[in-house]
Amino acid sequence: MGHSAAVWDYRAATEITKDWNGIDQVLLRTPRGSSARVSLHGAQVTSWRNEHGEELLFTSSKAIFKAPKAIRGGIPMCFPQFGNCGSLEQHGFARNRMWAIDENPPPLPGNDSSGKSFIDLVLKSSEEDMKCWPHSFEFRLRVSLAADGDLTLISRVRNINGKPFSFSFAYHTYLLVSDISEIRIEGLETLDYLDNLFKKERFTEQGDAITFESEVDRVYLSSPNIIAVLDHEKKRTFVIRKEGLPDVAVWNPWEKKSKSMVDFGDEEYKQMLCVDGAVIEKPVSLKPGEEWTGRLQLSVVPSSFCSDRLGLDRSGL
């Protein structure tokens, strides 16, 4: 017997289990059958499935599910550094730390949990972290799954230090696609981008959409708050809505780079694409007591939806 949304117990739809390594993970479910799985290792979303049980996020078949190695796939949290743009390990340390379930988080503005199954996680600076990044912080993350299957991640970083600090950040989102050569991204055309394949040189996007025929590793700047990733073969579109995340990192390693990564299959680049809501070019600066919020919402719609209906010409959510 099915549940109606009116009587569905969203708290009961949040289940804590253990993964292969005995690490706690949280399973979120909806009445229609969508689900998401979040590991306490790195607060990483490791699975997002639609109501038909189809996986929407890519995870490499060679991913290493063993701390302290970050899992190759899902949605790793890049904090307090994106990539190698600072002195820390690649993409910072948050994705390699054990997070805790936040039983009593400060309230979020608005009604962000109504009709959703969700979990709140928290990471606080440890003595180990302070050695390499000497700043006291609290990082709170809410992962929520709406009745329609939309996945939302809300990050809040608070400076509880006695002095200002700055950081870069990204939701390093591995989308599962049918064939990278059939994918196009709309919403980033005409933007400036930093090309990591050319020592972060600045270029301007010339195409009417972004398509893929070789390695891509770019950071698009001052981007709109709605981006669409169209999968021609599956006839579906990922819609990425974001707030507080001005940049978008786009990455596909292609053939040569894939073969050099031990936790990535040689041919797997064909089935994945990273499109990250991010803050990279101009890091976030927080004075003592200040808080930053970055919000990402992922939806999947049939590609028969045209760009006008997605509101790609609008800058807001």
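The values are calculated or read from the model by the stated rules, or taken from the named source; none is laboratory data. Bear in mind the structure is a predicted one, so any value in this text is a computation, not a measurement. Methodologically, a virtual Cβ is constructed for each residue, glycine included, from the backbone with ideal geometry; neighbour enumeration extends over all protein chains shown. With ligands, DNA and RNA removed, areas are computed over all heavy atoms of the protein, side chains included. Shrake-Rupley method; radii C 1.70, N 1.55, O 1.52, S 1.80 Å.
Scoring 214-225, 50-61, 148-159 by mean Cβ neighbours within 10 Å over their residues and listing the highest first yields 148-159, 214-225, 50-61. When a 1.4 Å probe is rolled over the protein heavy atoms, the share of accessible surface on segment 10-305 that falls to carbon and sulfur comes to 49 percent. Net charge of the neighbourhood of residue 122, taken over other residues with C-beta under 12 Å away and scored Lys/Arg +1, Asp/Glu -1, is +2.
Cross-link pairs exceeding 22 Å in C-alpha to C-alpha distance, out of 163/200; 199/282; 234/270; 235/257; 259/282; 124/163, comprise 163/200; 235/257; 259/282.
Where does each of 165-173, 185-193, 32-40 land if you order them by average Cβ count within 10 Å, highest first? Mind showing how you got there, number by number?
On the way: 165-173: 23.8, 185-193: 18.4, 32-40: 22.0.
In decreasing order of mean packing, 165-173, 185-193, 32-40 become 165-173, 32-40, 185-193.
Database remark: amide H of residue 161 closer than 5 angstrom to the amide H of 136, 289 (H placed geometrically; neighbours at sequence offset of 5 or more, or on other chains; Pro and chain starts carry no H). For the pair residue 293 and residue 17, label points projected 7 Å from Cα toward Cβ lie 3.2 nm apart. Between residue 127 and residue 257, the contour length at 0.36 nm per residue exceeds the Cα-Cα span by 43.3 nm.
For segment 162-317, the per residue solvent-accessible surface stands at 45 Å², with DNA, RNA and ligands left out and a 1.4 Å probe. Across segment 10-305, the convex hull enclosing all Cα atoms gives 133 Å³ per residue. Inter-label distance, residue 181 to residue 204: 3.1 nm, where each label sits 7 Å from its Cα along the C-beta direction.
Protection proxy ranking of 273-280, 198-205, 284-291, by the mean of other Cβ atoms within 10 Å over each peptide's residues and highest first, is 273-280, 284-291, 198-205.
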